[in-house]
Amino acid sequence: MASTLADADPIDERALSKLRWRCRRGLLENDLLLERFFARMGTSISQRQARAMHTLMDLSDPDLLDLLLSRKPPGPEHSSAEVLELLQQLRPVAQQPA
C-alpha cells in the first residue's frame, strides 16, 4: 500500500525539470502533445506518470507519435497499466474514447 501512495506523490521540481528536458523531441507534433500535457498537469506529475513518461521517451519519434495518435497499439514493452494510463492522458481530446 505504501508504494501505491508514493506512486501518487508528485515528483519534485528538479525531477520535473529533468523530465521536461528528456521529453524534448525532434518531431513538432510530439513536442506539442507533450507540452500540452505539461501545461495541463503543472507541477502535479506523479511518480507513476514520470516512470511511464521515461518508458515512452525510449521510443523513436515516429513510434511515439503513432502511439499518441492511436495509429498502432502499444507493444508488450509499453503495455503496462501506468504507460497505458499516461497514453490516454497524452492523447489529443479528439482521440479520447467517448
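The values are calculated or read from the model by the stated rules, or taken from the named source; none is laboratory data. Only a predicted model underlies this, so the values are computations on that prediction, with no experimental measurement involved. Heads up, the Cβs are rebuilt from the backbone with ideal geometry, glycines too, and the neighbour counts pull from every protein chain shown. To get the accessible areas, we keep the full protein, side chains included, count just its heavy atoms, and leave off ligands, DNA and RNA. Shrake-Rupley method; radii C 1.70, N 1.55, O 1.52, S 1.80 Å.
Here are the numbers:
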| item | result |
| --- | --- |
| Residue in region 47-65 that is open to solvent by less than 30 Å² (accessible area, probe 1.4 Å) and farther than 18 Å from L19 by Cβ present | yes |
| Residues that are assigned to a helix (DSSP H, G or I) and over 12 Å from the mean Cα position of the chain (by Cα), drawn from region 82-96 | V93, A94, Q95 |
| Where a residue in region 45-64 is free of Cβ contacts under 8 Å to residues at least 40 places away in the same chain and its partner, wherever it lies, is among the polar types (S, T, N, Q), with Cβ under 6 Å and at least six apart | D61/N30; L64/N30 |
| Members of region 66-81 found to be touching a residue at least 12 places away in the same chain (Cβ under 8 Å), open to solvent by 30 Å² or more (accessible area, probe 1.4 Å) and under 15 Å from E29 (Cα atoms), listed by number | L69, S70 |
| Subset tally (residues that are over 28 Å from P10 (Cβ atoms) and not small (G, A, S)) for region 64-86 | 5 |
